[in-house]
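Accompanying notes for the structure given below.
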Amino acid sequence: MTMSNDILARFNLHWPGFALGVDLTLPGRGVTALFGHSGSGKTTLLRCVAGLERAPGGYLAVGGDVWQDGSHFLPTYRRPLGYVFQEASLFPHLSARRNLEYGMKRVRGAMGRTALEHAVDLLGIGALLDRRPDQLSGGERQRVAIARALVLQPRLLLMDEPLAALDFKRKQEILPYLERLHDELEIPVLYVTHSPDEVAHLADHLVLMENGSARAAGPLSELMTRLDLPLARAEAAESIIETVVAGHDDNYNLSYLDFRGGRFAVGRLQRKIGKPARVRIHARDVSIALKEHRDSSIVNIIAAQVQELAPLNDWQMVVRLGLGPEATVPLLARITRRSADLLELIPGKQVFAQVKSVVLAD
């Protein structure tokens, strides 16, 4: 059901050699990743949302307010949004503080100052404010650019591959701050990326872009485990599961993570009980058994139901499982065709998922 705070976007563009055609309803909170290969239409869609690309006859509503329809087009400067590009594009002659204050020109008074202080805290840039851009690392410049977008107090934040221009070290430097934005921002974020790793860390909702159209859109955990989509068939296929820290075992230096389908044991986390924890489980790290074997070094064994199977190649299968009593938490397993035949796996069969490795994603 469409909610008043949803983002409704319908655009059709036709250029020589490329066409964009989307009709999307996106959640009004959390991070929606626009994911796909270069040329799939991700950035064009983002520019349409920003009003930087005009799509005649398009429709865009954000939180119940219409920004564009057949007779009305709100120009970019009047749209309450923040936009973060691949390059930080800071004014080189201004300090970080002055760059932020320049962004505050549309937000005056005490509210603007509060927004600036909040953005500085969220992005951890307090010690950088008196430096010019040439005195900052690539990751630091991008954090200032994100803060500059936030001081506008936008109703929507657009991010166009903000880590693409950074090397691995700088990406690892900035990811924790992006994760913090994910956890603390009340506004929706549209995040363009072609990196599965960034999707796994940050996204709540996923739009899979392909040849200028949205091949699929939905909750991240569902789309990553759909066997008719390429993510579930990739070599690095994985499942994302949202858990909560349930307890710590000081004797074995473990932590316990509860989710709708059961409990995982992982290495001791420095995280308080009750705090959320997103985990990633690679399909290659999941095996399937017909009985709950406890005479094994594998600790995480969860009751499951086979939901779907599909061949990957001439010797491997990918299996989508549903974890827990209600089989509501999806999990991928990659096994051999021989194993699938020996176990007589068919949809609906009750099995046990043996999870060899659980990796924290945030």
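The values are calculated or read from the model by the stated rules, or taken from the named source; none is laboratory data. The model shown is predicted, which means the values in this text are computed figures rather than measured ones. Counting neighbours? That spans all protein chains shown, and the Cβs are built from the backbone with ideal geometry, glycine included.
Against the criterion of being within 15 Å of the chain's Cα centre (by Cα), free of Cβ contacts under 8 Å to residues at least 24 places away in the same chain and closer than 24 Å to A50 by Cα, P188 does not qualify. Selection of the range 228-244 for residues being crowded, with 24+ Cβ neighbours inside 10 Å and assigned to a loop (DSSP other than H, G, I, E, B) yields an empty set. Of L129, L166, L208, all but one fail to be aliphatic (A, V, I, L, M) and within 29 Å of G322 (Cβ to Cβ); the exception is L208. Count of the range 196-227 residues, restricted to those that are closer than 23 Å to P276 by Cα and outside any helix (DSSP H, G or I), is 8. When the range 291-318 is limited to residues that are among the charged types (D, E, K, R) and farther than 16 Å from D228 by Cβ, the one that is surrounded by the most Cβ atoms within 10 Å (Cβ to Cβ) turns out to be E292. Exactly one residue out of L181, L163 is within 21 Å of A361 (Cα to Cα), among the hydrophobic types (A, V, I, L, M, F, W, C) and within 12 Å of the chain's Cα centre (by Cα), and it is L181. Considering only residues that are free of Cβ contacts under 8 Å to residues at least 60 places away in the same chain and of a type in the set (G, A, S), look in the range 8-25 and name the one that is surrounded by the fewest Cβ atoms within 10 Å (Cβ to Cβ). Here the answer is G17.
Filtered by the rule that a residue be assigned to a loop (DSSP other than H, G, I, E, B) and modelled with pLDDT under 95, the range 54-72 gives R54, A55, P56, G57, G63, G64, G70, S71. When restricted to residues that are under 15 Å from D341 (Cβ atoms) and either aromatic (F, W, Y) or not in a strand (DSSP E or B) (or both), the range 282-311 contains 1.
Pairing residues of the range 241-260 that are without any contact (Cβ under 8 Å) to a residue 24 or more places away in the chain with residues that are crowded, with 18+ Cβ neighbours inside 10 Å and assigned to a strand (DSSP E or B), at Cβ distances under 7 Å and at least 6 apart in sequence or on separate chains, gives L254/V266; S255/V245; S255/V266; D258/T243. Remark: L202 matches the filter, which requires a residue to be buried (at least 21 other Cβ atoms within 10 Å of the Cβ), in the same structural domain as M104 (by TED's automatic domain parsing) and over 30 Å from G17 (Cα atoms).
Take the conditions (1) under 24 Å from the mean Cα position of the chain (by Cα); (2) loosely packed, with under 15 Cβ neighbours inside 10 Å; D130 misses just one of them, which is (1).
Regarding N313, is this residue under 24 Å from A234 (Cβ atoms), in the same structural domain as A353 (by TED's automatic domain parsing) and free of Cβ contacts under 8 Å to residues at least 24 places away in the same chain? Considered against the rule, which asks whether it is under 24 Å from A234 (Cβ atoms), in the same structural domain as A353 (by TED's automatic domain parsing) and free of Cβ contacts under 8 Å to residues at least 24 places away in the same chain, N313 comes out as yes. The residue that is modelled with the highest pLDDT, among those in the range 1-27 that are within 23 Å of E184 (Cα to Cα) and in contact with a Gly (Cβ under 6 Å, 6 or more places away or on another chain), is D6. Inclusion of R143 among residues that are surrounded by 15 or more Cβ atoms within 10 Å (Cβ to Cβ), within 19 Å of the chain's Cα centre (by Cα), of a type in the set (D, E, K, R) and assigned to a helix (DSSP H, G or I) is warranted.
Of all residues in the range 251-281, those that are aromatic (F, W, Y) and outside any strand (DSSP E or B) total 1.
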